[in-house]
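The values are calculated or read from the model by the stated rules, or taken from the named source; none is laboratory data. Computed from a predicted structure; not experimentally measured. Cβ atoms come from the backbone with ideal geometry, glycine included; neighbour counts cover every protein chain shown.
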Amino acid sequence: MKNKINNASLLIIDVQNDFCPGGALEVTNGDQIVEPINNFQSDFDNIVITQDWHPKDHKCFASNHKLKEYSMIEFPYGNQILWPKHCIQNTIGAAIHDKLDTTRSSLILRKGLNKNIDSYSAFFENDRETSTGLDGYFKSKNIQNLYICGLAFDFCVFYTAMDGIELGYEVFVIEPLTKAINLNSSKTQAKKAMLENNVKLITNYVN
Ligand code: VGL
Ligand code: ZN
């Protein structure tokens, strides 16, 4: 039997229909990482999946302000990008891609439920204060190493990785198992910030 990576979790971020081609906030080639992520799962005993899960009146949607999509506005907690309506609770768009193998995932963590606060990171909402509880889950299982993949590289993967570092984890982002939205060079900026903060970018992974 293949050896598993110890004290580690594979964190699969937001592999949902709305982030795949044809979805409301599609990430170019977002669906191409699904099969490779499935193959990578066998290296892990602990697998966590996140699901962006917004009420339809969420304030992160441009349509709820009658403003342009992708424009920036000031929220009580800072700047917020206004997104196309996406990942609405109980819609097909919010569903996890049906080819993603969820069999061995012990936790499917939903985020973005509070209509006043967006939530990119799997650990904290964008106010940087409201916890999702994921840190407690990992600490109680003695998980110290996080391997992060999924969508999108420059938003939810990036914020999750940075919070992981802040919370004391060893963090690996498996770049070939991610895809970026790339808004105003957000991909380059995310990469730079991760490298400066000791996130390990795995770039040469093939399976
Ligand atoms: C995401 C923007 C808005 C993501 C979620 O999963 O990266 N990006 N909501
Ligand atoms: Zn969202």
Check your understanding: Can LEU11 be described as surrounded by 15 or more Cβ atoms within 10 Å (Cβ to Cβ) and assigned to a loop (DSSP other than H, G, I, E, B)?
Key -> no
Exercise for review: Check region 93-111 and report whether any residue there is surrounded by 15 or more Cβ atoms within 10 Å (Cβ to Cβ), touching a residue at least 12 places away in the same chain (Cβ under 8 Å), under 20 Å from PHE138 (Cα atoms) and aliphatic (A, V, I, L, M).
Suggested key: yes
Check your understanding: Before we move on, is TYR147 farther than 24 Å from ASN39 by Cβ and either among the aromatic types (Phe, Trp, Tyr) or within 16 Å of ligand 1 (Cβ to nearest atom) (or both)?
Key -> no
Point to revise | Conditions (1) away from ligand 1 (no atom under 13 Å from the Cβ); (2) assigned to a loop (DSSP other than H, G, I, E, B); (3) within 28 Å of PHE172 (Cβ to Cβ); number of the one not met by ALA122 | key: (1)
Revision key, fill the gap. Here the residues within region 14-31 that are of a type outside the set (Val, Ile, Thr), in contact (Cβ under 8 Å) with a residue 40 or more places away in the chain and either surrounded by 14 or more Cβ atoms within 10 Å (Cβ to Cβ) or within 15 Å of GLN51 (Cα to Cα) (or both) are ASP14, GLN16, ASN17, ASP18, PHE19, CYS20, GLY23, ALA24, LEU25, GLY30, ASP31
Practice item. Report whether or not ASP57 is closer than 23 Å to SER185 by Cα, among the charged types (D, E, K, R) and modelled with pLDDT of 95 or more. Key: no
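Quick grid of which residues meet (1) under 18 Å from the mean Cα position of the chain (by Cα); (2) outside any loop (DSSP other than H, G, I, E, B):
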| site | (1), (2) |
| --- | --- |
| GLU35 | yes, yes |
| SER42 | no, yes |
| VAL48 | yes, yes |
| LYS59 | no, no |
| SER63 | no, yes |
| LYS68 | no, no |
Point to revise | Count of region 20-43 residues which are within 16 Å of ligand 2 (Cβ to nearest atom) and more than 19 Å from SER105 (Cβ to Cβ) | key: 5
Review point. With respect to SER63, is the statement that it is away from ligand 2 (no atom under 16 Å from the Cβ) and either on the phi > 0 side of the Ramachandran plot or among the small types (Gly, Ala, Ser) (or both) true?
Key: no
